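Chemist: Dumping the structure here so I can ask a few things about it.
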């Protein structure tokens, strides 16, 4: 019998396989159970698996399969009635999305034991309470709220060459005018 | 000729940058209680260079530069109201011309101040703040040390600013600023 394909697809067809298990149990006592404790976990939590399998040819260790648990194996002993009591421990995978998940093991060919559990969102790490800001920790207030741009224009040359030319022109005109007045006065007196 | 002379005078005034900008109010300064408890400055006296002047209020020009006293009254100094008042924590700033209007300015000899010289600031409440010079710098206007001049200080300090260095005829402006740093000592 090709067992592997059935095991691999078990997670996708639990209901169908459970139906098959019921039929198998009636035939060869391959009754199986699997419980997950605790039933509500968070990523990284440790969980305990415990179950039974009545299949006569069941062997341990029995590997588990789950989308949310790190793979492990189940071990145990068979009681006098021929039922295996098996246990194992594992952890919830990190970054698992919250929701309902399952874990299973193969009790008999085509017959799996299934346990269900719920993954809840990881509790955010508690944030440190905001500390009251002491005066020395406050953002530094600018003593000059708006700093002036650039340098200060605090000087003007007494005279500039270009301006001197203009001023010399004014002076020359004044001298010419004074000279003219002098000549006019001299001539007037001469008459 | 008279018109040309008048134009020349206008160019001189504009060259100082004092009258070419529309002034705007100085920004609010620190509102700490200490700052408000100190009366505004009224006058400055620098015995070492024989300079003394009343102080006018200066703010910011529209382009963000600091206002300066009227260049045609070069013996007038002013204090920048956007900075803390002299004696309050922070850098108080006082500006004056090195010259203007054909005569020497109030800070014509500011560059002669050296470490240890005193600067006295009289306040409107009659008190006087005594500052001691700690440093005298002459820096290019192209690399004006804004943070050193206007940045936060541990205690009450004072900055005195005027022009210095050679004159740039094209820019109608001195190439440097003389900056005196002083701390409150009394």
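Chemist: Give me A:111, B:154, B:63 sorted ascending by neighbouring Cβ count inside 10 Å, so fewest comes first.
Modeler: B:154, B:63, A:111
Chemist: Return B:163, A:107 ranked ascending by Cβ neighbour count within 10 Å, so the fewest neighbours appear first.
Modeler: Neighbour counts put them in this order, fewest first: A:107, B:163.
Chemist: What ratio of Cα Rg to 2.2 N^0.38 Å holds for the stretch B:40-183?
Modeler: Against the empirical 2.2 N^0.38 Å value, I get 0.96 for the stretch B:40-183.
Chemist: Explain nothing, just the number: relative contact order of the stretch B:48-181, from Cα pairs under 8 Å at least 6 residues apart, as a whole percent. Each step should come with its number before you reach the end.
Modeler: Values: 305 pairs, mean separation 30.3, N = 134.
Averaging sequence separation for qualifying contacts and normalising by length gives 23 percent for the stretch B:48-181.
Chemist: When the label point is put 7 Å from the Cα of residue B:168 along its Cα-to-beta-carbon vector, which residues of the stretch B:121-153 have a backbone N closer than 15 Å?
Modeler: So the set is B:139-145.
Chemist: In addition: Using the alpha carbon gyration tensor of the stretch A:78-123, what are the three equivalent-ellipsoid semi-axes (square root of 5 times each eigenvalue), largest first, in whole Å? Working shown, then result.
Modeler: Working: eigenvalues 165, 30, 14 Å².
The three semi-axes for the stretch A:78-123 are 29, 12, 8 Å.
Chemist: While we're here: At a Förster distance of 56 Å, what's the computed FRET efficiency of residue B:63 paired with residue A:121, Cβ-Cβ distance as r, to 0.05?
Modeler: 0.45
Chemist: Something else about it: Residues in the stretch A:38-75 near a label at residue A:100, defined as backbone nitrogen under 15 Å from the 7 Å Cα→Cβ point?
Modeler: A:39-41
Chemist: Tell me whether the stretch B:31-112 comes out rounded, prolate or oblate; compute the Cα gyration tensor, take square roots of the eigenvalues as a ≥ b ≥ c, and use a/c under 1.5 as the rounded threshold.
Modeler: Here the stretch B:31-112 falls in the oblate category.
Chemist: Gain in length, residue A:149 to residue A:59, computed as 0.36 nm per residue apart minus the alpha-carbon separation, to one decimal in nm?
Modeler: So the chain would gain 23.8 nm between residue A:149 and residue A:59.
Chemist: Another one. Taking each residue in B:171-181, count the Cβ atoms of any other chain within 10 Å of its Cβ, then average. What number comes out?
Modeler: Counting other chains' Cβ atoms within 10 Å and averaging over B:171-181 gives 3.
Chemist: Taking every residue in B:159-166, how many Cβ atoms of other protein chains lie within 10 Å of its Cβ, on average?
Modeler: The shielding value for this peptide is 2.
Chemist: Between residue A:91 and residue B:120, what is the spin-label point distance in nm, taking each point 7 Å from the Cα along the Cα→C-beta axis?
Modeler: 7.9 nm
Chemist: Along the Cα→Cβ direction, 7 angstrom out, place labels at residue B:128 and residue B:49. What is the inter-label distance in nm?
Modeler: 1.9 nm
Chemist: Still on this structure: Among B:49, B:44, B:106, which comes first, then next, by fewest other beta-carbon atoms within 10 Å? Provide the component values of the computation, followed by the final result.
Modeler: Details: B:49 16, B:44 25, B:106 29.
Ascending Cβ contact count within 10 Å gives the list B:49, B:44, B:106.
Coordinate-derived values only; no laboratory data. On a predicted model such as this, the values are computed, not experimentally measured, just so you know. Ideal geometry is used to build each Cβ from the backbone, glycine not excepted, and the neighbour counts take in all protein chains shown.
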